[in-house]
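Down below is the structure, laid out as structure tokens.
A short reminder: the numbers here are calculations on the coordinates, not readings from a lab. Note that the structure is predicted; figures quoted are calculated from it, not measured. Quick reminder, even Gly has a Cβ in these numbers, built from the backbone with ideal geometry, and neighbours come from all protein chains shown.
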Amino acid sequence: MKRIIAVIAALSMLLPLASCGGADVDPSVIFTPVESGTDTENGANADSSLLFEKTVGSASVKFYGAPGEIDKIEAGSSTFDVAAKSSDAEFGFFAKDVNFDGKEDFAVSSGKVGGVTNYLIFLDNGNGGFTNAGEFGDPLFDRANSKIYATKAGTPETFEIYAVNGGSLTLEKGGIPLDATPEFKSDLSSYEQYMAPADRDGYLLLVNSDHPLDSSFVPEDLTDLKDTRSDRAAQQLTKTAAYALEALYIEMRAAGYTDVSVTSGYRSYARQEEVFNMYLNMNLANGYDYDTAYAMVASDTALPGQSEHQSGLGCDMHNLSSASQAFKDQPVYSWLIENCHKFGFILRFPADKEDITKITFEPWHYRFVGRYHATKIHAAGLCLEEYIELLK
């Protein structure tokens, strides 16, 4: 006689469970039993539609339905009729703890549409029950800022930002297009494949002090940048990033900004080592002791292996004699901040994220991630470290 009340194992990734093989499923592979459950096949408490139970804080959450389908959820003192179907096997649904503001919130995978996984989000109402906040696609749960970033269920091309407050959601920004081509002054149709690459997630490489590149790493398809500053050799980015940047420059010139150029693109491990040591020696020559000189350089120049320049996805560009935070006062900087995401770029080191990036504000440094992710990052006001952490 089989008992199937179980709690879903803790998951760290917002991905649906893999197919479990139908009748030969071993629930212990996916579920962590917490106690002997109610007999679901015989006896006074039999209920053949009970799929599984999850303990959320002090509340019991029961899921009812059939293999690959959930039609009812009992969460604490609340009951919800739902219509969730999965193309996965018997245990194709799972719950994820969300827990905003110390509450026992959770989300349940409710099916997949195209490349987007939809979730039903339930928020602790503080009265022993839960509120169904709605169904959302590919949500990112930002507990630190009490926000949820998601697409509308059924409309994966539209990005939304919600604030979580008191067990409810408030829409902060809506109707942010993810897949639509922006309106440009120039004809950039031949560049669309680069600004919004088919390999949507292929440009999220994180490079920093915690995620260094090997000294032997060299990106593929390095391509000369047409808009390199005239006083230096042609700078390079990987092909996709290079052509996306070319499109940005065409549109930037069409907007009336013609004096910005690329001062640095790809740098090898060895070149980054030279750059770091050059600034270190300059500080030493100016009378600073070694520890102070080193700390000064490390605050705005990455160590070898820790520089995005080595990835071939990041570049420096400005219209000053040398890189300076004064670039933020140039009118073109405002244009870049408002528009660079349309071409797949983000400001890599924002002023309000220095404690996270560990790099001082660099208004001249831009990083390619592709339009889909750049739009989300821009709209949510996140840095790359925060965004990638939320994807987990």
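DSSP finds beta bridges in segment 189-391, and of those with both partners inside it, around 95 percent are antiparallel. The simple Förster model, with R0 at 51 Å and r as the Cβ-Cβ distance, assigns residue 292 and residue 79 a FRET efficiency of 0.20.
Residue separation of residue 201 and residue 157 scaled by 0.36 nm, minus their Cα-Cα distance, works out to 14.3 nm of gained length.
In plain terms, if you count all Cα to Cα distances in the chain and split them into 20 Å steps from zero, the share in each step is 24, 45, 25, 5, 0 percent. Here the chain is treated with +1 on each Lys and Arg Cβ and -1 on each Asp and Glu Cβ, and its dipole about the Cα centre works out to around 500 debye. Each residue, residue 173 and residue 282, gets one label point 7 Å from its Cα in the Cβ direction; the gap between the two is 3.5 nm. Placing dummy labels 7 Å off each Cα toward the beta-carbon, the span from residue 101 to residue 232 is 4.8 nm. Using the Cα gyration tensor of segment 346-392, with a ≥ b ≥ c the square roots of its eigenvalues, what is the shape: rounded (a/c below 1.5), prolate (a/b larger than b/c) or oblate (neither)? It is oblate, given that a/c is not under 1.5 and a/b is not larger than b/c.
Charged neighbours of residue 344, selected by a Cβ distance under 10 Å, balance to +3 (K, R count +1; D, E count -1). Take the Cβ atoms of residue 334 and residue 356, set R0 to 22 Å, and the FRET efficiency comes out at 0.40.
Computed per residue of the chain from DSSP H runs no shorter than four, each worth -39500 (n - 2.57), the mean residue ellipticity at 222 nm is -5500 deg cm²/dmol.
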